[in-house]
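Reviewing the structure listed below.
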Amino acid sequence: MDVAFIDDDATLRAANMQALMLAGHEVVAYASAAAALDGLDASFTGVVVSDVRMPGMDGLELFRRLKRMDPDLPVILITGHGDITMAVEAMREGAYDFIAKPYPLDRLLGTVRHALEKRRLVLDNRALRQAAEEASADMPLLGTTPAMERLRQTLRQLADADVDVLVEGETGTGKEVVAQALHRWSRRAARPLVAVNCGAVPETVIESELFGHEPGSFTGAVKKRIGRMEHAHGGTLFLDEIEAMSPALQVKLLRVLEAREIAPLGTNEVRKVDIRVVAASKIDLLELVRRGGFREDLYYRLHVATVRIPPLRERRADIALLFGHFLARSAKRFRRPVPMVTPAIRAHLASHDWPGNVRELVHYVERVALGLVEPAPAAVVADEEAGASLPERVEAFEAAQIRDALAATRGDIQATLKRLGIPRKTLYDKLRRHGIDQSAYRHEAEPGAGRG
């Protein structure tokens, strides 16, 4: 419901209801303030328009009671000439606006439209804050989409199975978070989780990093070093970017996986290690095997349990939840108030492909929290439209907004209605008038169709 209209004058009530409905709003009308209080509650998502002078409870008292119910609810007061001072005082208390009688319908419709825009912005931000509060700070892999539900279920099943796991996912999808979840939910949680980035450690020292060394085993080895594998004894060893591991080291890793024993550099002593290996790759390892860039036997040794993390573009419904969670966290970190989410930010969240996945989203959120995100530039009329009349430009702008909403929601009518804030019948009328085929947008962007 868009508008709750309260007026004890039946004629004025009916006339204003008709005008609002013709403008595409869903309206509920009440003949008294008491009836409005009975019919409205904290779940009301629209705006309130009320006459001030009414028998019994007047519009000012109604406004104050509604404000106690929801401080952010926009209340527009309709006043007579003698009530303007009173209405100005109400605005100081938080009323959205007042309209003095007699008023043109355009004045009412314009105020309601702007109030609804503010209301939807406030509700969007409220939903983001609520989602952030409900998301536990240490809860891994936030998301409510089926793909994320399946991923969490799979990790729970694998956590205590104590098998080595191969994690595949694009850059920034959260492969280390998956490793942390597997470790935390396993019986190994009390022991170390040791991470090694195979692509970041120089090839000349990675063997020493993994297996350790004895004094004098090579130039510069002046004292004994415990390797990462031995340090992870009883716990979990996370090998990130395993695709960067050299062929020689792949042979040694295969032996560790098969025998669960290591031999530090500079000694023939073999030491047993009780470790679980979680290996991660940002590329398709099987394709790398086919090209001769990764050992086939090691791949199949790791491939016993494989987890794929979906990229962000395949779970767009989770973006708002992630954004709200990270925005609250970033605001706290930077000691800033949580900023309002503008329509330009919402549009970017909906339309961007996020090739850097969650990591890119986190960096964007930090810029938002710091106030570094530039507002979107105003729409520029194309050269061919420069000679168009104002109604023609308005029509073109409206059609573009509808197409953008359909593209962002992949043709989901319910989501499009929510985004545009118009009734279903109004949307279908506009689709017909502009010649827009809604079904075309359902096939335009299937999951996984973004950038790789």
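The values are calculated or read from the model by the stated rules, or taken from the named source; none is laboratory data. Just so we're clear, the structure is a prediction, and the values are computed from it rather than from any experiment. Using ideal geometry, Cβ is built from the backbone for each residue, glycine included, and neighbour counts are taken over all protein chains shown. Quick note on the areas: whole protein, heavy atoms, side chains included, nothing else; ligands and nucleic acids left out. Shrake-Rupley method; radii C 1.70, N 1.55, O 1.52, S 1.80 Å.
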Quick check on my filter: what residues within segment 66-98 are within 19 Å of residue 25 (Cα to Cα) and either over 36 Å from the mean Cα position of the chain (by Cα) or of a type in the set (Asp, Glu) (or both)?
77, 78, 97
Search result, residues across segment 61-87 that are modelled with pLDDT under 85 and surrounded by 13 or more Cβ atoms within 10 Å (Cβ to Cβ)
80, 83, 84, 86, 87
Of (1) open to solvent by less than 10 Å² (accessible area, probe 1.4 Å); (2) of a type in the set (A, V, I, L, M, F, W, C); (3) more than 15 Å from residue 16 (Cβ to Cβ), residue 52 satisfies every one except (3)
Working only within segment 1-16, note down all residues that are within 37 Å of the chain's Cα centre (by Cα) and open to solvent by less than 50 Å² (accessible area, probe 1.4 Å).
2, 3, 4, 5
Which count do you get for residues in segment 95-116 that are out of contact with any Gly (no Cβ under 8 Å at 6 or more places or on another chain) and not in a helix (DSSP H, G or I)?
8
Please go through segment 180-193 and pick out each residue that is within 17 Å of residue 231 (Cα to Cα) and among the aliphatic types (A, V, I, L, M).
189, 190, 193
Residue 23: open to solvent by 20 Å² or more (accessible area, probe 1.4 Å), small (Gly, Ala, Ser) and touching a helix residue (DSSP H, G or I) at 6+ places or on another chain (Cβ under 7 Å), yes or no?
yes
Among (1) in contact with a Ser or Thr (Cβ under 7 Å, 6 or more places away or on another chain); (2) under 28 Å from residue 320 (Cα atoms); (3) surrounded by 19 or more Cβ atoms within 10 Å (Cβ to Cβ), where does residue 123 come up short?
(3)
Pull out all pairs, ordered by first then second residue, where Cβ-Cβ is under 7 Å, the residues are six or more apart or on different chains, the first lies in segment 1-22 and is in contact (Cβ under 8 Å) with a residue 24 or more places away in the chain and closer than 17 Å to residue 80 by Cα, and the second is surrounded by 16 or more Cβ atoms within 10 Å (Cβ to Cβ) and hydroxyl-bearing (Ser, Thr, Tyr).
6/30; 6/50; 8/32
Residue count, segment 175-196 (criterion: outside any helix (DSSP H, G or I), among the charged types (D, E, K, R) and either at pLDDT below 90 or open to solvent by 50 Å² or more (accessible area, probe 1.4 Å) (or both))
2
Restricting to segment 36-47, and then to whatever is in contact (Cβ under 8 Å) with a residue 24 or more places away in the chain and out of contact with any Phe, Trp or Tyr (no Cβ under 8 Å at 6 or more places or on another chain), can you tell me which residue is least open to solvent (accessible area, probe 1.4 Å)?
46
Scan segment 293-315 for residues that are open to solvent by 10 Å² or more (accessible area, probe 1.4 Å), in a helix (DSSP H, G or I) and within 18 Å of residue 171 (Cβ to Cβ) and jot them down.
313, 314
Count - residues of segment 296-349 that are farther than 12 Å from residue 365 by Cβ, touching an Asp or Glu at 6+ places or on another chain (Cβ under 9 Å) and among the small types (Gly, Ala, Ser)
3
Segment 316-329: number of residues that are open to solvent by 30 Å² or more (accessible area, probe 1.4 Å) and either β-branched (Val, Ile, Thr) or in contact with a Ser or Thr (Cβ under 8 Å, 6 or more places away or on another chain) (or both)
2
When segment 330-369 is checked residue by residue, the ones that are in a loop (DSSP other than H, G, I, E, B), open to solvent by 60 Å² or more (accessible area, probe 1.4 Å) and within 23 Å of residue 119 (Cβ to Cβ) are 337, 338, 340
Is it the case, given these coordinates, that residue 409 is open to solvent by less than 50 Å² (accessible area, probe 1.4 Å), touching a Ser or Thr at 6+ places or on another chain (Cβ under 6 Å) and at pLDDT 85 or above?
no
Test of understanding: among 121, 166, 151, 116, which residue is under 30 Å from residue 78 (Cα atoms) and modelled with pLDDT of 90 or more?
116
Could you please tell me which pairs satisfy a Cβ distance under 9 Å, a separation of 6+ or placement on different chains, a first residue in segment 397-408 that is closer than 12 Å to residue 437 by Cα, and a second residue that is aromatic (Phe, Trp, Tyr) and part of a helix (DSSP H, G or I)?
403/441; 406/441; 407/441
